[in-house]
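Chemist: Got a structure here, written out as structure tokens. Questions coming.
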Amino acid sequence: MKISYNWLKELIDFDLSPEELSNTLTFLGIETSILSGGIKWTGVITAKVLEKQKHPNADKLSLCKVNDGIKDYEIVCGASNVDAGQIIPLAVVGAVLPGNFEIKPTKIRGISSEGMICSEQELGLKDSSDGIMILNSDTALGKKLEDVLENIDTILQIEITTNRGDCLSHWGVAREISAKLQKMTNLPPVKESKFIEKNIVDIQSADLCSRYIGCHIKDVKIAPAPQWMTNRLESCGIKSINNVVDITNYVMLELGHPLHAFDSSKISGEKIIVRTATDKEQISTLDNKTYELTENMLVIADKEKPLAIAGIIGGAFSAINDTTKDIFLESAVFEPGNIRKTSKTLNLSTDSSYRFERGTSWKVAEKASWRAINLISELAGGRLETREDVNSKDNEKLIIQLRVERIKKVLGYSIDEKKIANILRFLGIEISSKVQNVLIAEIPSWRNDIKQEIDLIEEIARVDGYENIPLLEENKVVIADKQQDNNTDKFIKNMSDSLIGLGFCEAVNYSFAEITDLDKFYLKYTYKIANPISKENEVLRPSLLVGLIKNLNFNVGQGINDIKLFEIGKTFNDEGENKAIGILMYGNVWHNWWKWEETKTDTVFNFNFANGIINAILPKGFTVEDNRVAKKYYHPGKTASVVYRGTVVGQFGVLRPDITSDFSNEVLYAEINVDLIDTKSLTKLNFYQPISKFPAVKRDISIVCDKKVPFEEIEKIIKQIMKSGNILKGFDLFSVYENEKLGSDKISYSLRLSYKHNDKTLNDSEVSADMNALLDKLRKDLGVILRS
């Protein structure tokens with residue numbers, strides 16, 4: 001829905017800029033963005049069209065002489081409504097219009113043009129316009145356009161959840177601002193005039209219409225609505241029709257309750273009848289279409305025919321036109337489910353149905369009726385003659401007891417009782433009394449989303465600010481460790497940047513999963529959704545793997561064969577909610593832009609490539625080690641763990657063949673639980689150490705050991721020696737060898753050792769001595785010997 005910033009400021013006095021207001025409403029739960037408006041131009045001045053001539057080389061262009069009070073300009077204009085004598089906005093050479101469009105001297109069909117006569121659309125004041133903008137005839141020339149235009153408006157776009165139909169109006173949004181800023185709203189006064197009470201409404205479908213207010217208004221003068229009203233309607237996306245129709249739309253935008261006006265002369269009989277349609281009954285409507293109705297659809301009818309599809313659209317036969325003298329004004333409360341079903345069946349959605357589907361207010365129905373009567377009397381000269389307010393059922397007031405202690409228990413912090421009462425009162429919820437720390441709250445009819453005590457507590461938390469709710473840690477309420485959060489965010493950002501630098505793309509998936517999908521990956525869920533919107537969203541995901549595999553399936557189906565994805569999101573298990581990083585690799589490691597003649601196969605991801613990726617993105621302090629308790633979805637023997645300071649924080653490896661049987665290559669997956677990492681320690685300074693200027697000495701050795709000795713143990717001893725400040729600076733495993741000559745229970749590893757000293761060039765004896773010490777350590781601890 002579009003909301004006018006200036007209109008809001010009339011309803012409540014506030015000092016927030018459009019940007020600040022947008023943020024405030026978004027944090028209140030109403031997603032808001034700035035759609036259009038404000039001053040988005042420079043160099044536009046007022047000027048007068050002195051002459052208009054036909055362009056010599058184009059039928060649809062005009063050549064205009066324009067004057068700003070000092071200077072004449074030759075302007076080529078394509079608008080059909082331009083004419084001599086008009087005061088117009090002129091964008092001179094050097095002016096900049098919305099979209100960073102700069103006006104430059106140009107030739108159009110051979111004629112020079114020294115600027116542009118602007119429309120409201122080109123100035124960013126409206127979404128569309130039929131021609132140039134024409135200013136008042138008494139407007140001074142040569143003035144900046146922004147100085148002569150009054151109340152330049154900003155239009156906001158709001159998106160609401162389905163249970164917040166009360167916010168589909170300027171008054172509804174003003175109430176939200178009122179509660180947040182603790183300021184009163186200022187609705188225009190509504191006066192009730194005298195009328196004759198007469199039986200003019202017959203509700204035959206009481207279950208589908210709980211209230212119907214009908215008014216006969218005489219001596220109406222149909223004319224265009226005043227400019228201020230048409231401007232507001234058009235800025236909110238509604239086209240002006242005439243004063244009466246515009247008033248019904250204006251009240252809908254102001255108060256949120258749809259109204260409809262019928263031409264009384266087209267109504268047969270003395271009563272308006274609210275009934276269901278007969279099967280296959282037809283009606284021609286205001287959108288110039290004919291609809292065939294079913295017997296469960298509600299219509300507004302006279303004694304002979306349907307006049308409107310209730311709550312959705314009026315009929316063309318009874319529409320207000322220039323000859324209308326008397327009108328019948330409707331304000332009703334319809335059953336939301338029936339309106340929605342009818343709208344979907346007919347594939348017909350309107351501003352009216354959008355509101356009725358979400359529920360309308362019993363009380364606002366009457367307020368909107370009187371407000372429209374007041375405006376019709378003021379702007380169309382109408383006189384209220386007869387009125388009837390028919391209730392098919394009583395409006396039941398909802399009273400909820402709100403325990404102050406319960407608020408503290410649910411939110412985790414105390415809020416002053418006076419503040420609680422003020423928040424609720426500004427939302428329109430009356431607090432009638434207080435008994436032993438219990439507030440008695442009367443819920444207004446427009447808040448059909450509030451049913452019980454917990455709903456009131458949510459309202460208090462929403463308006464007070466969700467950011468004020470402390471985090472829970474080990475059953476104790478603590479304030480969030482902002483430093484830890486900052487470190488975690490920085491760690492995730494660094495990981496993300498590293499992956500993107502390696503060619504990975506970030507995926508974003510929902511936090512829900514389907515149980516059958518989890519079974520495929522041998523995963524168990526902990527949290528099941530009570531009322532899921534679909535089967536795919538029935539549980540909270542225990543792993544990011546579920547969504548990433550779906551992403552993989554989709555991409556492979558599109559013919560993509562080099563897939564590198566990662567996702568940063570929440571997972572949910574027995575230990576609660578965890579922030580995790582999931583990484584998926586499949587297919588070609590890089591694009592095969594060209595191939596060497598000797599290359600027979602594509603280079604695809606395998607465990608070794610995945611190991612290289614993980615080591616490349618992890619900062620200092622992480623190690624890759626043997627995975628002793630691998631997740632069930634990994635291929636046995638093709639997995640490893642990610643360890644930080646002795647704690648396993650993640651795993652990676654090849655997915656089981658039975659999971660990936662639909663894919664032609666191995667699928668590699670890694671998942672790291674960020675919450676298990678002490679990210680504070682990652683911020684410690686790494687001091688610069690100069691690289692030795694002396695050459696390295698390389699030695700290749702081949703060693704033999706029992707197959708039952710894992711290479712991880714050999715690697716651990718080598719790294720211990722390296723950390724001790726030894727001259728051994730690095731090593732690489734470049735060959736693994738098995739042969740009957742070695743023995744069936746033996747295996748050989750070939751290593752390249754790199755030696756370097758910071759202060760001198762090493763000689764052969766120094767390197768040999770150090771290498772022999774390493775071999776001796778391996779022999780004593782693991783039974784490793786040098787291969788002969």
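The values are calculated or read from the model by the stated rules, or taken from the named source; none is laboratory data. Note that the structure is a prediction, hence the values are computed from the model and not measured. We place every Cβ from the backbone using ideal geometry, glycine too, and count neighbours over all the protein chains shown. Just the protein is used for accessible areas: all its heavy atoms, side chains included, with ligands, DNA and RNA removed. Shrake-Rupley method; radii C 1.70, N 1.55, O 1.52, S 1.80 Å.
Chemist: Taking 0.36 nm per residue of separation and subtracting the Cα-Cα distance, what length does fully extending Glu442 through Thr106 add? Could you put the intermediate results ahead of the total?
Modeler: Working: separation 336, 0.36 × 336 = 120.96 nm, distance 6.68 nm.
The Glu442-Thr106 span can extend by a further 114.3 nm.
Chemist: Further, regarding this structure: Listed highest first by mean packing, meaning other Cβ atoms within 10 Å per residue, what order do 357-365, 390-398, 757-765 come in? Walk me through the intermediate numbers first.
Modeler: Working: 357-365: 22.7, 390-398: 13.2, 757-765: 11.2.
So the peptides 357-365, 390-398, 757-765, ranked by packing, come out 357-365, 390-398, 757-765.
Chemist: Please go through the stretch 368-452 and write out the chymotrypsin sites (Phe, Trp or Tyr not before Pro) that DSSP classes as loop and that have at most 16 other C-beta atoms within 10 Å.
Modeler: Answer in residue order: Tyr413.
Chemist: Show me the GluC sites (Glu not before Pro) within the stretch 499-579 that DSSP assigns to loop and that have at most 16 other Cβ atoms within 10 Å of their Cβ. Walk me through the numbers on the way to the answer.
Modeler: Working: sites: Glu506, Glu514, Glu536, Glu538, Glu567, Glu575, Glu577; in loops: Glu514, Glu538, Glu575.
Answer in residue order: Glu575.
Chemist: Which ³J(HN,Hα) values in Hz, rounded to whole numbers, follow from the phi angles of the stretch 272-284 under the Karplus curve 6.51 cos²θ - 1.76 cosθ + 1.60, where θ = phi - 60° and Gly and Pro get x?
Modeler: 8, 10, 9, 8, 8, 6, 7, 4, 6, 5, 10, 8, 8
Chemist: Subtracting the Cα-Cα distance from 0.36 nm times the residue separation, let me have the gained length for Ser392 to Asp127 in nm, one decimal.
Modeler: Details: separation 265, 0.36 × 265 = 95.40 nm, distance 4.26 nm.
Fully extending the segment from Ser392 to Asp127 adds 91.1 nm.
Chemist: Counting other C-beta atoms within 10 Å, and keeping those with at most 15, which DSSP coil trypsin sites (Lys or Arg not before Pro) do you find in the stretch 205-270?
Modeler: Working: sites: Arg211, Lys218, Lys221, Arg232, Lys239, Lys266; in loops: Lys221, Lys239.
Answer in residue order: Lys221, Lys239.
Chemist: What order do Phe27, Phe663 take when sorted by accessible area (1.4 Å probe), most exposed first?
Modeler: Values: Phe27 145, Phe663 30 Å².
Largest accessible area first, the list is Phe27, Phe663.
Chemist: While we're here: Which value in deg cm²/dmol, rounded to the nearest 500, describes the helix-derived mean residue ellipticity at 222 nm for the chain, given -39,500 (n - 2.57) per DSSP H run of n ≥ 4 and division by the residue count?
Modeler: One gets -8000 deg cm²/dmol as the mean residue ellipticity at 222 nm.
Chemist: Expressed as an acute angle from 0 to 90° and rounded to the nearest 10, what is the orientation of the C-alpha long axis of helix 482-501 relative to the principal long axis of the chain?
Modeler: Taking Cα atoms only, the helix is inclined about 80 degrees.
Chemist: Next question. Tell me the per residue accessible area of the stretch 131-235 using a 1.4 Å probe; a whole number in Å² is fine.
Modeler: Value for the stretch 131-235: 51 Å² per residue.
Chemist: Next question. What distance in nm separates the simple spin-label points at Ser664 and Ile717, each placed 7 Å from Cα in the Cβ direction?
Modeler: 4.5 nm
Chemist: Could you give the angle, 0 to 90 degrees to the nearest 10, between helix 362-380's Cα long axis and the longest principal axis of the Cα atoms of the chain?
Modeler: 50 degrees
Chemist: Which ³J(HN,Hα) values in Hz, rounded to whole numbers, follow from the phi angles of the stretch 726-741 under the Karplus curve 6.51 cos²θ - 1.76 cosθ + 1.60, where θ = phi - 60° and Gly and Pro get x?
Modeler: For the stretch 726-741, the Karplus curve yields 5, 6, 6, 10, x, 8, 9, 8, 10, 7, 10, 9, 10, 7, 4, 5 Hz.
Chemist: Could you calculate the FRET efficiency of Asp72 with Ser137 from 1/(1 + (r/R0)^6), where r is the beta carbon distance between them and R0 is 25 Å, rounded to 0.05?
Modeler: 0.80
Chemist: At a Förster distance of 22 Å, what's the computed FRET efficiency of Lys760 paired with Ile691, Cβ-Cβ distance as r, to 0.05?
Modeler: That gives a FRET efficiency of 0.90.
Chemist: If you consider only alpha-carbon coordinates, what radius of gyration and Dmax does the stretch 276-361 have, in Å?
Modeler: Answer for the stretch 276-361, Rg first and Dmax second: 12.6, 36 Å.
Chemist: I want to check the label-to-label distance for Asp147 and Ser498. Put each point 7 Å from Cα in the C-beta direction and report it in nm to one decimal.
Modeler: If labels sit at Asp147 and Ser498, their model points lie 6.0 nm apart.
Chemist: Distance in nm between label sites at Thr42 and Thr323, each 7 Å beyond Cα in the beta-carbon direction?
Modeler: 5.7 nm
Chemist: Identify which of the listed values of volume of the Cα convex hull per residue in Å³ was calculated from the structure shown: (1) 150; (2) 281; (3) 161.
Modeler: Correct label is (2).
Chemist: For a quick check: with amide H placed at 1.01 Å from N, whose amide H comes under 5 Å from Gln86's, ignoring anything fewer than 5 positions away on the same chain?
Modeler: Sorted by chain and number, the residues that satisfy this are Val49.
Chemist: Enter the angle in degrees (range 0 to 90, nearest 10) between the Cα long axis of helix 18-27 and the first principal axis of the Cα atoms of the chain, meaning the one along which they spread out most.
Modeler: The angle comes out near 70 degrees.
Chemist: Need one number: the % of Cα-Cα pairs in the stretch 1-152 sitting beyond the 28 Å mark.
Modeler: 29 percent
Chemist: Here is a follow-up. By the gyration tensor of its Cα atoms, with a ≥ b ≥ c the square roots of the eigenvalues, what is the shape of the stretch 57-124: rounded for a/c under 1.5, prolate for a/b over b/c, or oblate?
Modeler: Rounded shape, in that the Cα axes give a/c under 1.5.
Chemist: Residue separation times 0.36 nm, minus the C-alpha to C-alpha distance between Leu286 and Thr162: what's the value?
Modeler: 42.0 nm
Chemist: Please report the net charge: other residues with Cβ closer than 10 Å to the Cβ of Leu499, K and R +1, D and E -1.
Modeler: Once all neighbours under 10 Å are counted, the net charge is -1.
Chemist: When the convex hull of the C-alpha atoms of the stretch 148-221 is computed, what volume per residue in Å³ does it have?
Modeler: Spelled out: Cα convex hull of the stretch 148-221, divided by residues, is 242 Å³.
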